[in-house]
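Structure first, commentary second.
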Amino acid sequence: MAGFRALAEQVRNPRLVATQRRTALRKCLERFAPYGHRATWHHLCTRAGIATQDRDPDPERLMAALAELEEARTLWLAYEEEFAARRRKEKHDGIRQPGAIDEWHRRTWGGCDIVPCESPQRHPAARLAVVLRRMIVAMEAGRPRRDCPVCSGTRFAWLPDAVDAPAPGPACLQCGVLAPLSVLTHEALTTAGRVRVHEAEAFAAA
């Protein structure tokens, strides 16, 4: 099975037809998809100007989508290396009790569903690398907050069927990400539970 780098080279290969290059890009998301496969694909297509169902997209647009994905992956791999090195040092120093950041990192190891979105069609508008950096900073800070670590929105809702999502947690009603429980204050979580059901359902259907 081809790895991310080999698939990325296929996307860049001018000797392949656009359909094959598109398929290679989709397969890249099986190795790295920060929002989850469908939401990450929708995000990349939206930003690069590609119709999600277009089987013969402009190769230049595919390249733009790949560049954004690779930028985010480079950032994430560097973070994973730093995290692993820090944990080795902590264990050496006798600090073995896992914390919220450890649980989050364990769940996101490999780069899938790092910042999961409740809906494949609703996700942050910023570049993937920007969103990942914001989430990493928020998690590393270890201080629960009342606002969304990605967009600073202050309204959250527990949406229908959210318990089956990759990372159960309230969805930001502004950017659509499911915020990790540990990053939000008790007040923010409590307020999210008070959002009227019809508001949450309207958000999910948007």
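Just one residue in the set Ala165, Ala126 is modelled with pLDDT under 90, open to solvent by 10 Å² or more (accessible area, probe 1.4 Å) and of a type in the set (Gly, Ala, Ser); that residue is Ala165. Among the conditions (1) surrounded by 15 or more Cβ atoms within 10 Å (Cβ to Cβ); (2) in a helix (DSSP H, G or I); (3) at pLDDT below 85, Leu62 misses just one, which is (3). Taking the stated definitions as given, is Cys151 at pLDDT 90 or above and either open to solvent by 30 Å² or more (accessible area, probe 1.4 Å) or more than 19 Å from Gly36 (Cα to Cα) (or both)? For Cys151, the condition - at pLDDT 90 or above and either open to solvent by 30 Å² or more (accessible area, probe 1.4 Å) or more than 19 Å from Gly36 (Cα to Cα) (or both) - is met. Taking the conditions exactly as written (surrounded by fewer than 16 Cβ atoms within 10 Å (Cβ to Cβ) and part of a loop (DSSP other than H, G, I, E, B)), does Ala51 satisfy them or not? The answer is yes for Ala51.
The values are calculated or read from the model by the stated rules, or taken from the named source; none is laboratory data. Being a predicted model, the structure only gives us computed values, none of them experimental. All Cβ positions, glycine included, derive from the backbone under ideal geometry; neighbour counts span all protein chains shown. Keep in mind that these areas ignore ligands, DNA and RNA; they rest on the heavy atoms of the full protein, side chains included. Shrake-Rupley method; radii C 1.70, N 1.55, O 1.52, S 1.80 Å.
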